[in-house]
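Down below is the structure, laid out as structure tokens.
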Amino acid sequence: MIRKMADDEVKFKLAVSLHSAIDATRTSIMPFNAKFTLSDLRESLQYWYAKTKSRITYEYVVWKGINDQQSDVDALVDFCKFAPSKVNLIEYNPIDDGQFQQATNAAIDMYVHTLEKK
């Protein structure tokens with residue numbers, strides 16, 4: 001679909017719900033990643049950027065115990081560096097005591113610091 005939108009010369013910006021740049025983690029959050037892997041996504045995004053020269057926005061929620069480590073932000077930086085991009089860090093507001101919990105301020109600060117530095 002991303003390739004088709006690039007070929008169709010759409011006039012809107014692209015935002016991708018990423019939430020992890022590590023396949024196993026992303027699959028646990030977003031099961032469709034098992035069929036449309038990060039490698040596939042990156043190829044489509046590279047095609048998008050080559051055709052449109054339009055900056056890519058990544059929507060990214062940081063969850064406690066899921067994607068809140070330095071290795072997670074390092075993988076994100078590595079995934080995004082092929083083209084100009086923006087990462088929109090989204091604060092998660094928990095609704096119960098389930099699997100998804102809000103990341104600590106320290107984890108968010110680590111993301112912000114690393115992304116701004118890179």
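The values are calculated or read from the model by the stated rules, or taken from the named source; none is laboratory data. This structure is a prediction, so every number in the text was calculated from the model and none was measured. In this analysis, Cβ positions are derived from the backbone assuming ideal geometry, glycine residues included, and neighbour counts consider all displayed protein chains. Keep in mind that these areas ignore ligands, DNA and RNA; they rest on the heavy atoms of the full protein, side chains included. Shrake-Rupley method; radii C 1.70, N 1.55, O 1.52, S 1.80 Å.
Overview of results
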item: Of all residues making up the stretch 28-53, the number that are loosely packed, with under 15 Cβ neighbours inside 10 Å and touching a strand residue (DSSP E or B) at 6+ places or on another chain (Cβ under 9 Å); result: 1
item: Test result for F100, touching a residue at least 40 places away in the same chain (Cβ under 8 Å), in contact with a Phe, Trp or Tyr (Cβ under 9 Å, 6 or more places away or on another chain) and open to solvent by 40 Å² or more (accessible area, probe 1.4 Å); result: no
item: Sole exception among (1) outside any loop (DSSP other than H, G, I, E, B); (2) aromatic (F, W, Y); (3) under 25 Å from D8 (Cβ atoms) for F36, by number; result: (1)
item: Filter result (touching a strand residue (DSSP E or B) at 6+ places or on another chain (Cβ under 7 Å) and either modelled with pLDDT under 95 or among the β-branched types (V, I, T) (or both)) within the stretch 56-77; result: I56, T57, V61, V62
item: Residue list for the stretch 39-63, restricted to those being assigned to a helix (DSSP H, G or I) and among the acidic types (D, E); result: D40, E43
item: Odd one out for I56 among (1) without any contact (Cβ under 8 Å) to a residue 12 or more places away in the chain; (2) among the β-branched types (V, I, T); (3) surrounded by 18 or more Cβ atoms within 10 Å (Cβ to Cβ); result: (1)
item: Some residue of the stretch 93-101 being modelled with pLDDT of 95 or more and of a type in the set (A, V, I, L, M, F, W, C); result: no
